[in-house]
1. Of the conditions (1) out of contact with any Phe, Trp or Tyr (no Cβ under 9 Å at 6 or more places or on another chain); (2) surrounded by fewer than 22 Cβ atoms within 10 Å (Cβ to Cβ); (3) in contact (Cβ under 8 Å) with a residue 24 or more places away in the chain, Pro292 satisfies every one except a single condition; which number is it?
2. Within the set of pairs 6 or more residues apart or between chains, which connect a residue that is under 22 Å from Val268 (Cβ atoms) inside region 297-309 to a residue that is assigned to a helix (DSSP H, G or I) and within 16 Å of the ligand (Cβ to nearest atom) with Cβ atoms less than 7 Å apart?
3. Which residues, taken from region 79-96, are assigned to a helix (DSSP H, G or I) and within 14 Å of Asp58 (Cα to Cα)?
4. Anything in region 174-218 that is more than 14 Å from the ligand (Cβ to nearest atom) and either under 26 Å from Val77 (Cα atoms) or touching an Asp or Glu at 6+ places or on another chain (Cβ under 6 Å) (or both)? List them, or say none.
5. Test Tyr133 against the criterion of being farther than 19 Å from Leu246 by Cα, part of a loop (DSSP other than H, G, I, E, B) and out of contact with any strand residue (DSSP E or B) (no Cβ under 8 Å at 6 or more places or on another chain), and give yes or no.
6. Between a first residue in region 242-254 that is closer than 14 Å to Lys304 by Cβ and a second residue that is at pLDDT 95 or above and among the charged types (D, E, K, R), which pairs have beta carbons less than 9 Å apart while being 6 or more apart in sequence or on different chains?
7. Mind counting the residues in region 8-39 that are within 14 Å of Ser68 (Cβ to Cβ), assigned to a loop (DSSP other than H, G, I, E, B) and either touching a strand residue (DSSP E or B) at 6+ places or on another chain (Cβ under 6 Å) or without any contact (Cβ under 8 Å) to a residue 40 or more places away in the chain (or both)?
8. Tell me whether region 106-125 contains one or more residues that are of a type in the set (Phe, Trp, Tyr), surrounded by 21 or more Cβ atoms within 10 Å (Cβ to Cβ), without any contact (Cβ under 8 Å) to a residue 60 or more places away in the chain and within 16 Å of the ligand (Cβ to nearest atom).
Amino acid sequence: MKVFVTGGAGYIGSHMLTELLGEGHEVCVYDNYVNSLPLALDRVRTLTNRPFETVAGDLRQGERLAESLKAFRPDAVIHFAGLKAVGASAAFPLEYYENNVQGSIALLRAMEAAECHRIVFSSSATVYGEPRYLPFDEAHPLSPINPYGRTKQFIEEIIRDWVAARSGASAVLLRYFNPVGAHESGRIGEDPLGPPANLLPFVSQVAVGRRPFVSVYGDDYPTRDGTGERDYIHVVDLAKAHTAALTYCASRPGCEAINVGVGRGATVLEVIRAFEAASGRTIPYRIVARRPGDTASSVADPSKALALLGWRAERDLGDICRSAWAWQSANPQGYRSTAS
Ligand code: UD1
């Protein structure tokens, strides 16, 4: 299959490429490198020993995007590109709507021009907002609590309408829970710019000595140990959900939203302990105030993914921490410190 991957140089995109190339698919990456580096793509080339095309471009450069798609003529698109910082989305909502929503409309237009009618979209469990019940199934009402989450919800709706208007078109909207971990080689992984906003990369950087301690945002939630509980999904399992979604799209027109999670939660303290076991390092932490906008618990009901895609997560929290440590210990400063 020929697959056009927006945001392919990013954390999830780069893991996706290794899966696609490993399965023999032909790939073209479209990325503006706003939150990623071309070096990640060099690492993917070395890892897989497979060539692929790259275009440096922004989704909002409509003509460039349309030309790239027309030249490559993909069978399907996997759409990762987008801004994803919750705090920044509240401070700069228009940038988020321009990048994420307008960018996605430009992508669908370019797909029409290239006669491509299949898309797998990188959505987020953040579209559910505060849980009315748990685990979240796909029928849970959508009520995101920040502009970032709303961009994901709006793009879902736009894709749904686009599919409904085109006979034979198909889309899978994958609602990720908390993607974490790294490729087992330790050659690619998550490399946030500046202090990580998310738990796992922060814990990894404390383990490797880049930061002194983890701030645990609250220990008075109604969970097993009082700290926040999340459904952490290994990024390689997540990538495999996309290849399953591509297969599904190829034979079934229509649009489906599907959760991608393990179906089991881990608390902040459980994550810290698991990372200590994986790394052999002590991870100092301090309990601090809750982070505004955080929910006590977020866990997926992943049964639809199994029923429709035949996919389920195969890696557990131990695998997640071991792979994240393999990446972080071999690349203490991320991609920036070493040559490829
Ligand atoms: C966050 C985003 C969410 C996004 C997801 C991507 C917020 C409010 N939500 O989700 O929209 O889709 O990342 O993966 O930013 N924690 C600490 N100390 C830290 C960091 C986190 O205790 O330094 C805790 C949090 O309170 C939470 C858990 O760890 O209980 C996970 O946090 P995080 O990794 O930021 O993910 P989410 O908040 O689930």
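1. (3)
2. What qualifies is Ser298/Ala125; Ala300/Ala125.
3. Within region 79-96, Glu95, Tyr96 meet the criteria.
4. Passing the criteria: Ala182, His183, Glu184, Arg187, Ile188, Gly189, Asp191.
5. Spelling it out, Tyr133 is indeed farther than 19 Å from Leu246 by Cα, part of a loop (DSSP other than H, G, I, E, B) and out of contact with any strand residue (DSSP E or B) (no Cβ under 8 Å at 6 or more places or on another chain).
6. Ala245/Glu256; Tyr248/Glu256
7. Number satisfying all stated conditions: 1.
8. yes
The values are calculated or read from the model by the stated rules, or taken from the named source; none is laboratory data. Source: prediction; values computed, not measured. When we count neighbours, we look across all protein chains shown, and the Cβ atoms used for this are built from the backbone with ideal geometry, even at glycine.
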